[in-house]
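The values are calculated or read from the model by the stated rules, or taken from the named source; none is laboratory data. Computed from a predicted model, the values in this text were never measured in an experiment. Every residue, glycine as well, gets a Cβ built from its backbone with ideal geometry; the counts of neighbours run over all protein chains shown. Ligands, DNA and RNA are stripped out before the accessible areas are found, and what is left, the full protein with its side chains, is counted by its heavy atoms. Shrake-Rupley method; radii C 1.70, N 1.55, O 1.52, S 1.80 Å.
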Amino acid sequence: ERLYDIQKGDKVTVSGQKYEVTNNSKKTVAYVAAKGSKKASVSVPATVKVTVNGKKVTYKVTSIKDKAFKGNKKIKTITVSKNITSIGKDAFKNCSKLKTIVIKSTSITKVGKDALKGTSKNLVIKVPANKVSAYKKLFKNKGNNNIIVKKA
């Protein structure tokens, strides 16, 4: 018998966006996909409310999973919330219209291979002022060499 009706690896959908539970005791989830999203602009939220045993529980969104936005031809702007620590490989791959990524987080330590491959030429990544040089390094060689990293 499961103590919770939710555990690591479980997929949950909140407001049409898909998440996967990454740590149940720490209450963290990964952003999996904005399924069938026709929106030009998408925000990865800082937290989501997940129903656990009939109660709404707040989980932090701490990562963007591999291929989360891959191949989304509509999206132009993505806002990444403050709790994100990692961005998976191919996360924004072939988002050909993606022109702007706004990053609110100061704690990203990992960006996966080819995360930016096939994104717009001169993609602008707006980041917290104290993170410009660190994030320049982090987003280098991730599939798009024409990116501009600047303070938000």
Quiz prompt | Hits in region 114-146 - residues which are under 20 Å from LYS65 (Cα atoms) and surrounded by fewer than 15 Cβ atoms within 10 Å (Cβ to Cβ) | solution = LYS140, ASN141
Quiz item: Does SER107 count as over 16 Å from VAL42 (Cα atoms), open to solvent by less than 70 Å² (accessible area, probe 1.4 Å) and within 11 Å of the chain's Cα centre (by Cα)?
Solution: no
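Answer yes or no: is there a residue in region 43-50 that is open to solvent by 40 Å² or more (accessible area, probe 1.4 Å), outside any loop (DSSP other than H, G, I, E, B) and under 20 Å from ALA152 (Cα atoms).
Within region 43-50, one or more residues are open to solvent by 40 Å² or more (accessible area, probe 1.4 Å), outside any loop (DSSP other than H, G, I, E, B) and under 20 Å from ALA152 (Cα atoms).
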Quiz item: If you check every pair at least six apart or on different chains, which have Cβ atoms under 8 Å apart with a residue in region 130-152 that is at positive phi first and a residue that is of a type in the set (A, V, I, L, M) second?
Solution: GLY143/ALA115; GLY143/LEU116
Practice problem: Filter region 25-42 down to the residues that are closer than 14 Å to PHE92 by Cβ and polar (S, T, N, Q), then identify the one that is modelled with the lowest pLDDT. | Solution: SER37
Self-check item: Residue satisfying condition, being exposed (fewer than 14 other Cβ atoms within 10 Å of the Cβ) and under 30 Å from LYS99 (Cβ atoms), within set GLY71, GLY54
Solution: GLY71
Quiz item: Can we say LYS60 is open to solvent by 10 Å² or more (accessible area, probe 1.4 Å) and not in a strand (DSSP E or B)?
Solution: no
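Conditions tested, residue by residue: (1) within 20 Å of LYS151 (Cβ to Cβ); (2) modelled with pLDDT of 95 or more; (3) of a type in the set (S, T, N, Q).
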{"position": "SER63", "(1), (2), (3)": "no, yes, yes"}
{"position": "LYS82", "(1), (2), (3)": "yes, yes, no"}
{"position": "ALA91", "(1), (2), (3)": "no, yes, no"}
{"position": "SER105", "(1), (2), (3)": "yes, yes, yes"}
Quiz item: Is it the case that some residue within region 81-92 is of a type in the set (D, E, K, R), within 20 Å of ILE6 (Cα to Cα) and surrounded by fewer than 19 Cβ atoms within 10 Å (Cβ to Cβ)?
Solution: no
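Criterion first (in contact with a Pro (Cβ under 6 Å, 6 or more places away or on another chain) and of a type outside the set (A, V, I, L, M, F, W, C)) does SER81 satisfy it?
Yes.
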